[in-house]
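This report refers to the structure that appears directly beneath it.
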Amino acid sequence: HSLRRRQRQMCIRDRYNKMTRLIITNGKLILPDRIETDKALICKDGKIEQIVSEEALELLPDDQIMDAGQQYVSPGFIDMHIHGGGGHDFMDGTTEAFLGIAETHAQYGTTAMVPTTLTSTNDELMNIFATYQKAKVLNTRGAKFIGLHLEGPYFSPGQCGAQDPQYLKKPRPEEYNIILEASKDIVRWSVAPELEGAIEMGNILKEQQILPSIAHTDAIFEEAEQAYKAGYTHITHLYSAMSTVTRRNAFRYAGVVEAAYLIDDMTVEIIADGIHLPKALLQFVYKFKGTDKTALCTDAMRGAGMPDGESILGSLANGQKVIIEDGVAKMPDRSAFAGSVATTDRLVRTMIQLADTPLVDAVRMVTLTPARILHIDQTKGSIEAGKDADIVIFDNQINVITVSYTHLRAHETP
């Protein structure tokens with residue numbers, strides 16, 4: 001009754017206000033360092049306007065009220081490394097694929113993503129750049145595209161994993177500068193830093209405010225340390241396709257895995273599906289790198305959100321055949337993993353249920369931490385006044401119930 005009375009009192013004051021507000025009530029708000037109850041989240045014009053106590057909430061006649069039903073209200077999940085989902089891969093190079101991936105992962109709480117390429121020809125890359133531009137405009141129903149991530153082709157042949165080895169090469173300015181000139185949407189580029197020319201490339205990427213990232217590498221610690229100084233401040237899917245302690249001529253050398261821990265400010269991302277990294281390693285990363293230096297990513301391929309069976313990693317035209325089973329994609333001979341089929345809700349669930357991580361920390365690693373790594377934390381990554389109204393509501397099993405985007409359109413998940 002008191003809410004209705006305050007609503008009537010506000011009718012006259014704001015009768016000229018044409019902008020509908022979205023107000024989320026009766027939820028458990030997940031903030032960067034705590035969970036708040038008995039609070040209302042007010043969003044307006046695609047932004048978070050304020051957080052107020054429910055007792056002090058004053059409603060306007062056109063307010064859209066969303067009752068969270070005592071479920072968790074979280075910042076939207078940010079996936080900083082993703083290849084596909086819903087039967088599509090970004091390497092398909094079509095707007096249908098881009099939009100299909102964005103809509104598939106939005107159902108699981110992803111509100112922003114960085115489309116990621118695979119090693120390929122330059123012609124394929126140029127097509128991806130053009131398609132990204134088209135899809136970005138058309139994308140009104142799925143997770144927002146926040147830039148491109150080029151994964152390769154500058155990788156170590158010994159650590160190429162499921163990447164196609166025929167496209168591997170050393171970084172040369174005459175080639176990567178053409179790529180950089182062709183697209184202003186690149187926000188990160190994964191490279192093996194031990195390759196000839198990689199350090200110079202890192203400096204150029206840093207100058208252009210593109211994040212150089214260490215990946216698919218046989219570098220020893222000293223090479224990783226040199227790369228860090230050149231701007232390689234992030235490590236792509238830690239533990240996957242990278243060096244650890246090795247022996248060369250009887251002497252032991254630390255690798256990139258050790259560099260991740262020894263270089264304090266180095267950030268990392270992990271595929272927290274519970275398969276790429278088992279419980280002990282998830283706990284090890286959380287304990288020794290911490291919440292603010294560890295981002296969760298799906299690295300998902302087209303099989304995410306799809307049933308088990310045969311699939312393709314990369315483009316439909318010339319991708320790698322794989323098998324999806326046991327919650328992961330495998331090479332046809334089952335000798336190695338060939339990609340993840342995770343969704344962001346699964347990452348959070350795994351960190352909580354398998355790695356015993358507190359809910360607030362697990363959410364932070366897929367929201368504010370990737371936002372900071374990508375330098376978009378002024379607008380995304382946390383429930384704070386002035387930031388984009390990217391909101392996810394989920395239950396205590398991290399089942400996503402509702403997703404609300406910056407344009408204030410909310411929908412129930414299937």
Given the conditions (1) open to solvent by 30 Å² or more (accessible area, probe 1.4 Å); (2) at pLDDT 95 or above; (3) within 18 Å of the chain's Cα centre (by Cα), every one holds for HIS83 apart from (1)
Enumerate the strands (runs of 3 or more DSSP E) found wholly within the range 288-342, keeping only those where 1 or more residues are among the acidic types (Asp, Glu) and touching a Lys or Arg at 6+ places or on another chain (Cβ under 9 Å).
309-313, 320-325
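Does LYS184 satisfy the condition of being under 21 Å from the mean Cα position of the chain (by Cα) and in a helix (DSSP H, G or I)?
No: the conditions fail for LYS184.
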Tell me, please, whether a residue that is surrounded by fewer than 24 Cβ atoms within 10 Å (Cβ to Cβ) and either among the aromatic types (Phe, Trp, Tyr) or farther than 19 Å from THR298 by Cβ (or both) can be found in the range 142-152.
yes
I'd like the full set of residues that are over 12 Å from the mean Cα position of the chain (by Cα) and either of a type in the set (Val, Ile, Thr) or closer than 19 Å to ARG349 by Cβ (or both), limited to the range 93-105.
THR94, THR95, ILE101, THR104
Unmet requirement for LEU281, which otherwise passes all of (1) surrounded by fewer than 21 Cβ atoms within 10 Å (Cβ to Cβ); (2) in contact with a Cys (Cβ under 6 Å, 6 or more places away or on another chain)
(2)
Mind checking which pairs have a first residue in the range 95-123 that is in a helix (DSSP H, G or I) and a second that is of a type in the set (Lys, Arg), Cβ under 7 Å, 6 or more apart or different chains?
THR95/LYS134; GLU103/ARG141
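For the range 71-80, how many residues meet the condition of being more than 12 Å from the chain's Cα centre (by Cα) and of a type in the set (Phe, Trp, Tyr)? Spell out the reasoning first.
Just the residues of the range 71-80 that are more than 12 Å from the chain's Cα centre (by Cα), to begin with: 71-75.
Of the ones still in play, those that are also of a type in the set (Phe, Trp, Tyr) are 72.
Total satisfying the criteria: 1.
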Kindly provide the set of residues from the range 272-310 that are small (Gly, Ala, Ser) and closer than 28 Å to GLY87 by Cα, ordered by number.
ALA272, GLY274, ALA295, ALA300, GLY303, ALA304, GLY305, GLY309
Only one residue in LYS321, LYS289 is charged (D, E, K, R) and buried (at least 19 other Cβ atoms within 10 Å of the Cβ), so which one is that?
LYS289
From the residues in the range 86-118 that are open to solvent by 10 Å² or more (accessible area, probe 1.4 Å) and of a type in the set (Ser, Thr, Tyr), which one is farthest from SER404 (Cα to Cα)?
THR94
Out of the residues in the range 58-76 that are part of a strand (DSSP E or B) and out of contact with any Leu (no Cβ under 8 Å at 6 or more places or on another chain), which is farthest from LEU347 (Cα to Cα)?
ASP67
Verdict on LEU282 being assigned to a helix (DSSP H, G or I), touching a residue at least 24 places away in the same chain (Cβ under 8 Å) and not aromatic (Phe, Trp, Tyr)
yes
Give the number of residues within the range 138-154 that are farther than 23 Å from HIS375 by Cβ and either modelled with pLDDT of 95 or more or assigned to a helix (DSSP H, G or I) (or both).
2
For the range 156-172, how many residues meet the condition of being open to solvent by 70 Å² or more (accessible area, probe 1.4 Å) and in a helix (DSSP H, G or I)?
3
Report whether or not GLY303 is in contact with a strand residue (DSSP E or B) (Cβ under 7 Å, 6 or more places away or on another chain) and either open to solvent by 50 Å² or more (accessible area, probe 1.4 Å) or touching a residue at least 12 places away in the same chain (Cβ under 8 Å) (or both).
yes
Can you tell me which of ILE30, ILE51 is within 18 Å of VAL403 (Cβ to Cβ), surrounded by 14 or more Cβ atoms within 10 Å (Cβ to Cβ) and not aromatic (Phe, Trp, Tyr)?
ILE30
Enumeration of residues in the range 228-256 that are among the polar types (S, T, N, Q) and farther than 23 Å from GLY274 by Cα:
THR233, THR246, ASN249
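The values are calculated or read from the model by the stated rules, or taken from the named source; none is laboratory data. Quantities reported herein were computed from a predicted structural model and do not represent experimental measurements. Neighbour counts run over all protein chains shown; Cβ positions are idealised from the backbone, glycine included. These accessible areas exclude ligands, DNA and RNA; they are computed on the full protein's heavy atoms, side chains included. Shrake-Rupley method; radii C 1.70, N 1.55, O 1.52, S 1.80 Å.
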